[in-house]
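Each value in this text was obtained by applying a stated rule to the coordinates, not by laboratory testing. Source: prediction; values computed, not measured. We place every Cβ from the backbone using ideal geometry, glycine too, and count neighbours over all the protein chains shown.
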Amino acid sequence: MTLGWLALSSFVAMLAAFGVRFVQVARRARPAERLALLGVMTPTLVWLGISSFTATTVFANDAHWPAGSRDLVVVDQTGDHSWQHASEEAVEVWNAAGADLRLTWETGTGDCGFDGTRIAVCLGDTRVEGPFDGISHDTLSNGHIQGAFIEVCGDCRLDQARRTEVMIHELGHALGLDHSDDPNSIMWFEGGSEFDEAYRNLRESHDHQEHASWQYLLFSWLGGNEEFENRH
């Protein structure tokens with residue numbers, strides 16, 4: 001959500017500059033002109049203020065899967081027994097979080113891409129995309145995840161413990177979690193071993209009252225509809 005917050009900060013700064021300019025113009029105007037300006041600009045400023053507050057509230061919520069789209073299927077398409085074991089274990093880990101999400105696991109074939117509530121896991125090519133252990137891709141609409149898929153390295157030599165850590169971390173991103181500042185957390189950028197913080201964040205992001213649809217309007221203008229990539 002970094003880009004969204006930057007956009008919101010720019011909008012607030014523009015609003016502040018607009019307010020300062022309005023005051024400067026009003027001071028030089030005659031009383032009748034000042035009254036007319038006040039009548040026109042006051043509702044506008046109030047609306048912008050409310051919209052900014054609403055957008056801030058929306059941005060404050062982590063990205064999450066929308067209500068009605070929380071029965072998710074993780075489809076391991078790697079064809080690799082070691083990665084399949086890791087992805088199946090990752091599903092079990094996030095099911096234990098207690099969030100309003102229901103994950104199931106299966107194997108499949110084909111290429112990765114955004115496919116609704118099916119989260120595909122595929123082998124990526126580090127020779128093309130550069131070195132990585134795992135990459136998660138999320139596409140958002142108004143703060144709601146619309147689709148996700150995960151790529152894992154196909155030509156790397158990771159032990160099973162590391163593969164499992166990578167899969168848990170990347171699936172956490174696919175479910176809407178950002179990186180953590182806590183080096184012990186599984187969502188730290190290099191992955192850790194603790195889950196409490198990540199479990200709590202996942203529950204909170206999916207257990208809140210949905211905003212009315214109109215409240216997402218400014219969110220969309222400020223970059224709420226985006227596609228994210230997290231490289232691990």
Does region 115-207 come out rounded, prolate or oblate, given a ≥ b ≥ c as the square roots of the eigenvalues of its C-alpha gyration tensor, rounded meaning a/c under 1.5 and, failing that, prolate meaning a/b above b/c? oblate
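Ranking request for peptides 79-90, 189-200: highest mean number of other beta-carbon atoms within 10 Å first, then the rest in descending order.
Values: 79-90: 18.8, 189-200: 16.2.
Result, highest mean first: 79-90, 189-200.
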Normalise the Cα radius of gyration of region 89-161 by 2.2 N^0.38 Å (N = residues in it) and let me know the number. 1.22
